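Please read the structure below before turning to the comments.
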Amino acid sequence: MTNPYMSTFNIQKLRQDFPNLNIRVHGKPLVYLDNAATTLKPRCVIDAMNAYYVTGVANVHRGVHYLSEQATAAFEYSRQVVRQFLHSAKVHEIIFTKGATESLNLIAQSYGRHFLKKGDEIIISHMEHHSNIVPWQMLCQQAGCVLKVIPINDRGEIIFEEYLKLLSDKTKLVSLVWVSNSLGTVNPVKAVIEAAHKQGAVVVIDAAQAVTHTPINVQELDCDFLVFSGHKVFGPTGVGVLYGKEKWLEAMPPYQGGGDMIKSVTFAGTTYNVLPYKFEAGTPAIAEVIGLRSALEFFQTIGWEGMKQHKEEILDHGTRTLLSIDGVRIIGTAKDKTSIISFVVDGIHPHDLGTLVDQEGVAIRTGHHCTQPVMQRFGIPATARASLAFYNTKEELDILAAAVKKAQAVFKQ
Amino acid sequence: MRDELYQQTILEHNRSPRNFKKLEGATHVAEGYNPLCGDHLWVYMKVNAGGIIEEAAFEGSGCAISKASASMMTMALKGKTIAEANLLFDEFHKLAIGELKPDQQPNHLGKLTVFSGIWQYPARVKCAVLSWHTMHGALEKTKTVSTE
């Protein structure tokens with residue numbers, strides 16, 4: 001029987017675009033299940049970055065020579081591609097950063113220190129990545145703000161009624177992860193944003209894991225800021241994006257001083273450049289920005305429907321296969337969940353499990369996943385995590401399950 | 001091919017760790033923590049007036065490597081002088097990072113050479129050395145030790 005959605009989703013063909021999938025680890029074919037940490041890179045991304053380094057090296061926004069003009073055009077074209085990917089109203093609402101972490105720090109230090117005062121409240125959730133906790137703690141120390149935390153239930157979902165109770169006229173900023181990197185939970189960001197806006201608070205969305213899960217339209221969402229990292233959407237490391245509404249970005253002071261972010265510099269004073277350059281001090285990661293464009297273009301040719309269906313199938317298969325093993329428990333069982341499976345195995349510490357499945361060529365993440373409060377909430381030191389991308393297969397999840405059983409056998413010796 | 005990490009001795013000590021208790025009347029205590037993996041343990045020692053370690057114990061939670069290493073360490077420490085314990089710490093540390101080859105260089109490691117292959121698993125070296133750094137910290141009177 002043919003499935004109309006699957007007709008354009010050809011996984012074997014797509015896998016050929018990822019050279020890294022062909023390697024062997026400890027003599028076994030690589031089974032890469034650590035996509036929430038970073039995704040593999042398609043050949044077109046590697047080629048685009050290579051092309052810049054081989055025939056196109058120049059700095060951007062400076063020289064009048066041919067190469068500089070070419071590099072500037074390529075760099076700014078990437079910004080257009082990101083704008084279209086996020087559906088922002090204006091291209092200068094797209095700021096290039098080092099990654100989601102830097103984007104969040106930029107918001108905390110520039111927006112936060114400018115607009116937030118002593119006693120103002122910031123709301124985050126219990127499932128945030130450390131990068132969406134620590135910048136706000138630092139801001140609270142600097143500005144005297146108060147950090148409030150939305151609790152999560154046993155399935156790993158935010159308790160929405162508790163969120164509503166935390167909201168008040170003291171709330172000035174809400175920062176929430178869209179998709180949890182350690183639990184896979186998909187948060188109801190639209191409802192969170194609407195409720196915050198009723199109280200006059202701005203909303204930051206950490207979309208680091210969401211970019212590969214769902215199409216993003218920042219205008220429909222009406223978030224004030226949204227951040228993501230290039231390397232989690234099949235692009236290079238070292239580049240990320242900050243989207244901000246023009247009215248906020250205009251009102252915010254620069255985050256860092258340096259070249260490119262100025263209009264004119266004298267010892268009497270400096271005037272700052274216009275958006276987006278005001279927030280892009282210094283030579284940016286040019287090759288990486290160009291690589292990110294390739295990644296987003298590649299990703300958008302796959303087609304959301306076929307990809308979504310495939311990822312749901314492998315998530316379901318992986319969940320059932322792992323749960324069929326005695327002693328395996330899954331942490332994070334939200335109703336709305338993406339293809340991340342965090343699990344623990346009775347009697348085997350996740351680090352031992354990680355080393356043992358690695359012997360079988362299987363790459364999973366073990367640890368607290370930069371979400372220590374989540375581990376505290378569930379009373380565990382760490383989990384093993386299989387995070388799946390569209391190029392993963394049911395067969396690979398069977399190999400993971402067999403590797404887990406083999407680890408159990410070792411520990412039962 | 002790497003050496004097998006999970007050897008019988010290690011698995012056995014993980015299953016039934018020796019001296020796994022809080023030591024009442026300990027003269028030297030330190031807490032060890034590995035923030036990367038959450039391994040967390042306390043090392044206790046009772047050192048007598050003659051500078052001999054009469055007893056050593058540990059408690060806490062961690063992976064098999066850190067538990068087995070701590071368990072075997074407490075056994076090895078018993079009856080050692082502080083100077084001997086420090087020498088053993090130095091040798092074990094060198095063993096764990098692959099600088100000491102027990103079959104080629106004289107040493108006092110005995111059964112602890114079961115960890116001689118761990119340098120081939122760089123991400124796991126810190127698991128094996130956590131209890132040792134904690135013990136060393138306790139002798140140096142450092143209260144909290146972190147390996148990362």
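Bear in mind these aren't lab numbers, they're just calculated from the coordinates by the rules spelled out. Quick caveat: nothing in here was measured; it's all calculated off a predicted structure. Quick reminder, even Gly has a Cβ in these numbers, built from the backbone with ideal geometry, and neighbours come from all protein chains shown.
Data table
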| item | result |
| --- | --- |
| Between segment B:68-117 and segment A:86-133, the Cα center-to-center distance that results, in Å | 49 Å |
| Peptide A:350-362, shielding by other chains (average Cβ, 10 Å cutoff) | 4 |
| Whole-angstrom Cα spans of the protein assembly as shown along principal axes, big to small | 75, 66, 55 |
| Cα-based shape type of segment A:46-300, given that a ≥ b ≥ c are square roots of the gyration tensor eigenvalues and the cut on a/c is 1.5 | oblate |
| Convex hull per residue volume in Å³, alpha carbons only, for segment A:178-226 | 69 Å³ |
| Gap separating the Cα centres of segment A:370-406 and segment A:140-160, nearest whole Å | 25 Å |
| Extension gain, A:N22 back to A:K170 (0.36 nm per residue minus Cα-Cα distance, nm) | 47.9 nm |
| Long-range HN-HN contacts of A:I94 with modeled amide H, under 5 Å | none |
| Helical segments meeting 24 Å axial Cα length and Kyte-Doolittle 0.5 threshold in chain A (DSSP H) | A:286-302 |
| Against the rule of thumb 2.2 N^0.38 Å, how large the Cα Rg of segment A:95-142 comes out | 1.12 |
| Length-normalised contact order of segment A:230-388 in % [C-alpha pairs under 8 Å, at least 6 apart] | 16 percent |
| Cα gyration tensor, segment A:315-366 - rounded (a/c under 1.5), prolate or oblate | prolate |
| Packing rank of A:180-192, B:109-121, where each peptide gets the mean count of other beta carbons within 10 Å, highest leading | A:180-192, B:109-121 |
| Quotient of C-alpha Rg and 2.2 N^0.38 Å, computed over segment B:2-118 | 1.05 |
| Percentage of interatomic Cα-Cα distances in segment B:57-107 larger than 16 Å | 49 percent |
| Inter-chain Cβ neighbour average for residues B:37-44, partner chain, 10 Å | 3 |
| Rough spin-label spacing in nm, given labels placed 7 Å along Cα→Cβ, for A:T214 and A:E246 | 2.7 nm |
| Inter-chain Cβ neighbour average for residues A:120-126, partner chain, 10 Å | 0 |
| Mean residue ellipticity (222 nm) of chain A, computed from DSSP H runs ≥ 4 via -39,500 (n - 2.57), nearest 500 | -11500 deg cm²/dmol |
| Fully extended contour minus Cα-Cα distance, from B:Q120 to B:M75, at 0.36 nm per residue | 13.7 nm |
| Segments B:77-90, A:387-400 sorted - mean Cβ within 10 Å per residue, highest first | A:387-400, B:77-90 |
| MRE, 222 nm, helices only [DSSP H, n ≥ 4, -39500 (n - 2.57), over chain B, to nearest 500] | -11000 deg cm²/dmol |
| Centroid-to-centroid separation of segment B:11-45 and segment A:29-53 [C-alpha atoms, Å] | 42 Å |
| Residues whose placed amide H lies under 5 Å from that of A:V362, excluding near-sequence neighbours | A:V31 |
| Fully extended contour minus Cα-Cα distance, from A:E313 to A:H130, at 0.36 nm per residue | 62.9 nm |
| R0 of 22 Å, Cβ-Cβ distance A:R320-A:K13: FRET efficiency to nearest 0.05 | 0.25 |
| Sites A:V54 and B:R15, calculated FRET efficiency, Cβ-Cβ separation with R0 41 Å, nearest 0.05 | 0.15 |
| Given A:K90/A:K190; A:K406/B:K111; A:K232/A:K337, the pairs whose alpha carbons are separated by over 24 Å | A:K406/B:K111 |
| Percent RCO, i.e. relative contact order, over chain A, from Cα pairs under 8 Å lying at least 6 residues apart | 23 percent |
| Protection-proxy order for peptides A:273-284, A:198-209, each taking the mean of Cβ atoms within 10 Å per residue, highest first | A:198-209, A:273-284 |
| Cα-projected label distance for A:A73 with A:K335, points at 7 Å along beta-carbon direction, nm | 5.2 nm |
| For segment A:149-246, alpha-carbon Rg over 2.2 N^0.38 Å | 1.09 |
| Residues whose placed amide H lies under 5 Å from that of A:I216, excluding near-sequence neighbours | none |
